[in-house]
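Derivation of every value follows stated rules applied to the coordinates shown; laboratory data play no part. As the structure is a prediction and not an experimental result, all values here were calculated from the model. Note that each Cβ is placed from the backbone with ideal geometry, even for glycine, and that neighbours are counted across all protein chains shown.
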Amino acid sequence: MIRIVSDLTASPDSTALPGGSVLQQFINGSLFLALGIALIAFLMGAGMYAIGRHGGNMRASDQGKLAMISGAAAAFFAGAAASLLNFFYHVGQQVR
C-alpha cells in the first residue's frame, strides 16, 4: 500500500508565529496578576481570621481560614501550571 501522507509532528516554538514574544509577555503578566490576587486573598483571609477569632465570630474566622487556604492553593497552582502542563505534554508526546 502506498503511503500518501507522511507522519505529522508538532513541537511548540514561540518564534514560529508573529507575536510570539507578545504572547509570552502576556502569559508572564497574567501569572503576575494571578499571584497578586492570591496574595490579596491570603492577606484578607488572615485579617478576617484574626478579627473573627479576636471578636469571637467563628463564621468570620472560618471564612478567613478558607480565604487563606484558597489564596495559598491559587498561588500553588499558578506556580505549578507550567510544570504540570509540560508534564502532560511530554506524556502525550509518548503516545503512539
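Couple of notes before you dig in:
- Among the trypsin sites (Lys or Arg not before Pro) in segment 1-81, those placed in a DSSP loop whose Cβ has at most 16 other Cβ atoms within 10 Å are ARG3.
- Nearest 10 degrees, 0 to 90: helix 58-93 Cα axis against the chain principal axis: 10
- Relative to the dominant Cα principal axis of the chain, helix 20-55 is inclined by about 20°.
- Extreme residue, positive dipole direction of the chain, given options LEU85, VAL95, GLY71 (C-beta unit charges): GLY71
- Convex hull volume of the Cα atoms of the chain, normalised per residue: 124 Å³.
- Here the chain is treated with +1 on each Lys and Arg Cβ and -1 on each Asp and Glu Cβ, and its dipole about the Cα centre works out to around 260 debye.
- Förster radius 22 Å - calculated FRET efficiency between ILE37 and TYR89, Cβ distance, rounded to 0.05: 0.25
- Among 41-49, 25-33, the peptide with the highest mean count of other Cβ atoms within 10 Å heads the list, and the full ranking is 41-49, 25-33.
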